[in-house]
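Structure first, commentary second.
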Amino acid sequence: MSSDNTPHPSVKHCADKVNARYIHGRPEHELVPSRYALKVGAIDVMVVSDGVLSLPGAMLGHNVDPVVRAAWLEDMFLPPDVLEWALNAVVVRSGGRTILIDAGMGEEFPDLPRSGKLAQRLEDAGIDPAAVTDVVLTHMHMDHCGGLLADGMKERLRPDLRVYVAAAEAEFWESPDFSRVSMPPGFPDALRRTGKRFLKEYHDQLRTFENEYEVAPGVVVQRTGGHTPGHSVVRLASGGDRLTFAGDAVFQVGFEHPDWYNGFEHDPEEAARVRIRLLRELAANRESLVATHLSFPSVCHVAVAGDVFRWVPGPWEY
């Protein structure tokens, strides 16, 4: 593999390029509610879209030849330079607790105006933020914790809210290392700023764990590392059914090319090892997968395809 050292275009350039495709504009109101409900045994699960991120296509794999990456994008009927990244969060109800897994972008990066929709979409789903008893953060990148920093959100949350994050993650954001990432301009500074602010504003609600913690019956958060030192996944299990919310351990290209390094990975080699190990496990046990940046609602299964993997979308249960 060869490394791609081409500078990333700005995020605003990416967003403007996407918007330019819609010469007649976009609908003022959503035509389809951006939420999708399913059951894992007795556990209620709702995937909620926080919107989309318009980012450089090179973010999919900065350790590969740009020609190879462009060919994959073309095969997927995607543009070669700008990719629309889904941004999904999950609401889980189990054992009398309402758990929000990740919180979207909020208002942390104004050049991405089509994200930060979580508060609106929770309201559309009839979920009052005050009903949320627990928050689990897969990690503290701003598109996962920023929604909790949105204007007026903290005041709407209950005072006894508990926010779970791996201890290694909280420690990392005290003085984060960006030496191995390949991000668009402006992102490292925004991520540092958001991480520092989050640790300050939610210090009293923070509950850290070392490697694993059961938040509610059948809802277990497990640290994987890789993407960030404290990156975690959430495993749901009830009545023989299983589902994993993988956060940023798996990206769209990661099934066919699990060894491609995503630009947001702070330890790319370890992130690839985590991804391969997780995909092998999911293929073996046949459980469902949901991930932050897989196309909404992202519910799928993993199959083995030779030395790599195959993405199998789940049936639409309407």
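Numbers at a glance
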read-out	value
Segment 70-134 versus segment 190-261: alpha-carbon centroid distance in Å	14 Å
Gained length - residue 196 relative to residue 256, 0.36 nm times residue gap less alpha-carbon distance	18.1 nm
Charged-residue dipole, Cβ positions (Lys, Arg, Asp, Glu), segment 190-318 about Cα centre, Debye nearest 20	300 debye
Contour excess over end-to-end distance, with Cα ends at residue 158 and residue 280 and 0.36 nm allotted per residue	40.0 nm
The chain: relative contact order in percent, alpha carbon pairs under 8 Å with at least 6 residues between	18 percent
Sequence-distant residues sharing a close amide H with residue 207 (under 5 Å, placed H)	163, 164, 165
Estimated inter-spin distance, residue 178 and residue 78, nm [label 7 Å along Cα→Cβ]	2.3 nm
Proximal charge balance of residue 248 [Cβ under 10 Å; K/R count +1, D/E count -1]	-2
Global geometry of segment 172-318, whether rounded, prolate or oblate, following the gyration tensor of its Cα atoms and the 1.5 cut on a/c	oblate
Karplus 3J(HN,Hα) series, Hz, for segment 171-180 with 6.51 cos²θ - 1.76 cosθ + 1.60 (x for Gly, Pro)	5, 4, 7, 5, 7, x, 9, 10, 6, 10
The chain - charge dipole about Cα centre, Lys and Arg +1 at Cβ, Asp and Glu -1, debye rounded to 20	420 debye
Fraction of accessible area attributable to carbon and sulfur, the chain (%, probe 1.4 Å)	51 percent
For peptides 60-72, 150-162, sequence by mean Cβ density within 10 Å, most packed first	60-72, 150-162
Amide hydrogen neighbours beyond the local backbone of residue 83, cut-off 5 Å, H modeled	55, 57
Residue 241 long-range amide H proximity, modeled H, under 5 Å	41
Relative packing of peptides 244-254, 90-100, 290-300 - highest average C-beta neighbours within 10 Å first	244-254, 290-300, 90-100
Residue list for segment 247-272, given a label point 7 angstrom along the Cα-to-Cβ vector of residue 171 and an amide N cut-off under 17 Å	267
Segment 173-231 - percent relative contact order, Cα under 8 Å, separation 6 or more	19 percent
Karplus (6.51, -1.76, 1.60) ³J(HN,Hα), θ = phi - 60°, over segment 79-94, in Hz, Gly and Pro reported as x	x, x, 10, 10, 10, 7, 8, 4, 9, 10, 10, 9, 10, 10, 10, 7
Dimensions (Å) - the chain, Cα atoms, principal axes, largest first	51, 43, 42
Gain in span if fully extended, residue 189 to residue 310, counting 0.36 nm per residue against the direct Cα distance	40.0 nm
Mean Cβ count within 10 Å, highest first, over the residues of peptides 122-133, 101-112	101-112, 122-133
FRET E, pair residue 210, residue 131, Förster distance 25 Å, beta-carbon r, rounded to 0.05	0.30
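The values are calculated or read from the model by the stated rules, or taken from the named source; none is laboratory data. Since the structure is predicted, the reported quantities are computational estimates derived from the model, not experimental observations. Because the Cβ atoms are built from the backbone with ideal geometry, glycine has one as well, and the counts that use them run over all protein chains shown. All accessible areas refer to the heavy atoms of the entire protein, side chains included, with ligands and DNA or RNA removed. Shrake-Rupley method; radii C 1.70, N 1.55, O 1.52, S 1.80 Å.
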